[in-house]
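Worksheet: one structure, shown below.
Derivation of every value follows stated rules applied to the coordinates shown; laboratory data play no part. Since the structure is predicted, the reported quantities are computational estimates derived from the model, not experimental observations. Every residue, glycine among them, receives a Cβ derived from its backbone with ideal geometry; neighbour counts consider all protein chains shown.
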Amino acid sequence: MALSDSELIHQINNGNEKAFTELIERYQNKVYNTAYRILGNHEDALDLAQESFIRIYKNLNKFQGKSSFSTWLFRITTNLCRDELRKRKRKPVIQEENFSNIYQEEENPEKISLSRELNSLIQEKIDSLVPEQKVVFTLREFQGLSYQEIADILGVSMGTVKSRLSRARQALREDLFEIISKGGLE
Amino acid sequence: MTHDKIKELLPLYIDKGLSPEEEDLVQEHLNNCPECQKELKEYQENHLFLSRLKEFTVPEGFKESILKKVGEGMKEKEHKSLWDKIKGFFVLPVRVPAGVLGLAAVILLVFITTLSGLFSNTNNLNNYNLLREKSLTDQAQYFSYSTPEASYNTLDSSLGRASLLSMEKGESLNTTVEQKLIKRANLVIEKSNIDEVDQLLLNLVERQQGYISNSRNWLNSNKQKHFWFEIRVPVANFNLLVEELSSKEYGQVISRSITTQDVTEEYMDLETRVKNLLAQEERYRSLLDIANEVEEILKIENELNRIRTEVEILQGRKNYLDNQISFSTITVEFRQPEPISSGSPGIVRAIRNAISQMIEQFYKIIVFIGTIIPYLLLILILYLFYRGRRQKKE
C-alpha cells in the first residue's frame, strides 16, 4: 500500500530518509518536465528540479498542509522557474540541445515520443510565449492540472488562469497545428 | 457576441473552461461560422496531441545527487562555526549598492563623533559640579569680599569678635563728637534642620528686645528650603545678637558681613540746618508781629511755609536716621545644605550620574534620529532610483 503524501511527509520529518527518496521518485518527472517546458532546455531544467527538491527538504518542517503537497511543490518549482527567467533577461541564454534523453519504457502505449527535431520545434514555439502564459500553458497541457489547481499554485484568480491560457492557445494555434500536421505521428 | 469575443472563448471551449451560458453562446455561433469551426478543430487537435506526449524522464543519479546535496547541507549546518553564525547574523538580506553603504558609513561616523563630543562636554560639566561642592568655603569668602560696604569679617569667629571689639573701641575713642553709626549685618547660614529655625530665631530676637521686620521662604531649584529674615534689634544688643547667630546652634555660617555706616556728618549737618531753620522761623514770627501791611504779612507767611516744609523734610530724615541708628538691622538667610549621599558617595553618585547621562544620551539619540530622517529618505530614494536604472539597463 502506497503511503499518501502527507504520511510520507510525516515520515520524513521524523528523520526517515527513505521516505524522502520515495517522495522524490514520486514527483521527479513531473517537476523535471514542468521545468523543461518553462525553461526550454534540459540542463537548466535538471538543475532547477534538483533545487526544487532541496528546497522542499529544507522547508518540509514549515509545510503546514494548508494546501496539498503537490500544489506546494509546483509552486516552488514555478517560482524558481520565474526567477530563472528573470535572471535570463539580463544574460540571454542560447538554448542548445546537447542533451540526449532516454524515454523510459512507458506502460501506456498511447503515449507518443517525438524525434528530437520535432520536439525542439514545438518547444521553440512554446518559448515564444510570455512567461505568465507559458507557465499556465505548461501546467495545463503538460501536467493536466485543473484550472483551480493552477490558480492555487500561482496564487491568482481562476479568471486570470483562463485568460492566460486562452491567449497562450491562441498564440500557438496556427504554428502548433502546422507542426503536428506536418510532422505526423510516429 | 462579437466574433472577436468568441475567438477568445473558443480555446477554453475544448476543455470545459466556460460557463454554461458562454458555452451556449459559442455553440450558437459555431453553427453559423465555418471559420470558427476550423479554429476549434485546430485547438482540439493541438490539445490532444500535447496531452499524449510522453514525458521526459530524469537521468540516472538524479535522486542520488539530491540526497548528496541535502546531506552536505546538513553537515554544513553542524560544522557551522561560531564565527559563521556571527557573520550570518550580520549579513543583510538586502543587496545594497556600494555607494549607498559608503554614505551610510559616513553618516554613522558623524553621528559617533558628535555623540562623543557631547559626552565629553557633559563630563566637563560633572567636573565643574564636583569642584563647586569642594569650594563652598572659598565661595563664601568670595562673596564676603564682594560686598561694597565698609568693613567686613572673615568666617573665623574668633577674628570676628576681635574686630567687633575694635569697633566698640572706636566708639569710645571719639567721645568729643557723639558718633552716629548705623550698624548692619548680613549672614548666610547653612542648617540641616531648617524648620526649627523659625522658633529659635523668634526666641532669640525677643530675648534681645528686637523684632522681625520682614521674612521670606522659598525653595531653590534643587528643592532646598531657604528662610530669609530681616531683624531689627536695639544697637546695644546688636553685637550680642550677631554673636549668637554665629554660634553652632544656628548652623554653619557660610558668610557674614558686618557693616557700620557712619552718618555722623550727615546727622550733624541735619541738626545744624534744622536749628538754623528754626531760628529763622523765630525771626520771621517776630517780624510777623511787627508787620502791618497785608503785602508784608503775605510774604512773611510764604517764607514761614517754606521754612516749615523744609524743616519737616529734614526732621523726617533725622528721625529715620535715629531709627536706623538706634535699631540695627540684621538680615540672615538660612538654607539647607547640599544633599550628601550616604554610604559610599563616590560610587553611588557615579552610578546616578551614569544613569542620568545614559537617559540624556537616549534623548539625544532620538533627536538625532529625527534630524537624520530626511537624509535616510534621500538615501532610500537614491537607492530605489539606482536600482530602477539598473533594471532598465538589463
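So what J values fall out for the stretch B:62-72 if you push phi through Karplus, 6.51 cos²θ - 1.76 cosθ + 1.60 with θ = phi - 60°, rounded to Hz, Gly and Pro as x?
4, 6, 5, 5, 5, 4, 5, 5, 5, x, 4
Arrange the following residues from fewest to most other Cβ atoms within 10 Å of their Cβ: A:Leu114, A:Leu3. Mind showing how you got there, number by number?
Details: A:Leu114 19, A:Leu3 14.
In order of increasing Cβ crowding within 10 Å: A:Leu3, A:Leu114.
Would you tell me the mean number of C-beta atoms belonging to other protein chains that fall within 10 Å of each C-beta in B:40-53, as a whole number?
6
For a Förster distance of 25 Å, can you work out the FRET efficiency between the beta-carbons of A:Leu60 and A:Ser146, rounded to the nearest 0.05?
Efficiency at R0 = 25 Å is approximately 0.50.
How would you rank B:Leu241, A:Leu8, going from fewest to most other Cβ atoms within 10 Å of each one's own Cβ?
A:Leu8, B:Leu241
So what's Rg/Rh here for the stretch B:236-307, counting alpha carbon atoms and using the Kirkwood radius for Rh?
Looking at the stretch B:236-307, the ratio lands at 1.49.
Take the eigenvalues of the Cα gyration tensor for the stretch A:111-186, scale each by 5, and report the square roots as semi-axes in whole Å, largest first.
Values for the stretch A:111-186, descending: 25, 13, 10 Å.
Chain A: percent of C-alpha pairs farther apart than 27 Å?
Cα-Cα pairs of chain A separated by over 27 Å account for 32 percent.
Between B:Glu338 and B:Arg52, 0.36 nm times their residue separation minus their Cα-Cα distance comes to what?
Length gained between B:Glu338 and B:Arg52: 93.2 nm.
Is there a pair in A:Lys87/B:Lys69; A:Lys18/A:Lys89; A:Lys66/A:Lys134; B:Lys223/B:Lys318; A:Lys58/A:Lys87; B:Lys16/B:Lys68 whose C-alpha atoms are over 32 Å apart, and which pairs would that be? Please list the in-between numbers first.
Working: A:Lys87/B:Lys69 23 Å; A:Lys18/A:Lys89 39 Å; A:Lys66/A:Lys134 26 Å; B:Lys223/B:Lys318 44 Å; A:Lys58/A:Lys87 23 Å; B:Lys16/B:Lys68 44 Å.
From the list (A:Lys87/B:Lys69; A:Lys18/A:Lys89; A:Lys66/A:Lys134; B:Lys223/B:Lys318; A:Lys58/A:Lys87; B:Lys16/B:Lys68), the Cα-Cα distance tops 32 Å for A:Lys18/A:Lys89; B:Lys223/B:Lys318; B:Lys16/B:Lys68.
If amide hydrogens are placed 1.01 Å from N in the peptide plane, which non-local residues have theirs closer than 5 Å to the one on B:Ile231?
Answer set, sorted by chain and number: B:Ser213, B:Ile330, B:Thr331, B:Val332.
Starting at the first residue of the stretch A:155-168, write each ³J(HN,Hα) from the Karplus equation 6.51 cos²θ - 1.76 cosθ + 1.60 with θ = phi - 60°, in whole Hz, x for Gly and Pro.
For the stretch A:155-168, the Karplus-derived couplings read x, 10, 7, 5, x, 4, 4, 5, 5, 5, 4, 4, 5, 4 Hz, x marking Gly and Pro.
Principal axes first, then extents: for the Cα atoms of the stretch B:238-379, list largest minus smallest coordinate on each axis, whole Å, largest first.
106, 56, 18
Any idea what the alpha-carbon Rg over 2.2 N^0.38 Å comes to for the stretch B:3-51?
Dividing the Cα radius of gyration by 2.2 N^0.38 Å gives 1.07.
Output wanted: per-residue J couplings in Hz (rounded whole) for the stretch B:290-305, from phi through Karplus 6.51 cos²θ - 1.76 cosθ + 1.60, θ = phi - 60°, x for Gly and Pro.
Going residue by residue, I get 6, 4, 10, 5, 4, 4, 4, 4, 4, 4, 4, 5, 4, 4, 4, 4 Hz, with x marking Gly and Pro.
Could you sort the peptides B:33-44, B:181-192 by per-residue average Cβ neighbour count (10 Å cutoff), highest mean leading?
Peptide ranking by packing, descending: B:181-192, B:33-44.
Which far-off residues, 5 or more places away or on another chain, put their amide H under 5 Å from the one on B:Gln261, with H placed in the peptide plane?
Long-range HN contacts for B:Gln261: B:Ile182, B:Lys183, B:Arg184.
Per residue and in cubic angstrom, what volume does the convex hull of the Cα atoms of the stretch A:1-92 have? Walk me through the numbers on the way to the answer.
Numbers: hull volume 8.9 nm³, N = 92.
Considering the Cα atoms of the stretch A:1-92, their hull volume per residue is 96 Å³.
Assuming R0 = 35 Å, what is the FRET efficiency of B:Gln315 and B:Glu196, from their Cβ-Cβ distance, to the nearest 0.05?
Once the sixth-power term is evaluated, E becomes 0.20.
Quick one: which of A:123-135, A:10-22 comes out on top by average Cβ neighbours within 10 Å, and what's the full order, highest first?
The most tightly packed comes first, giving A:123-135, A:10-22.
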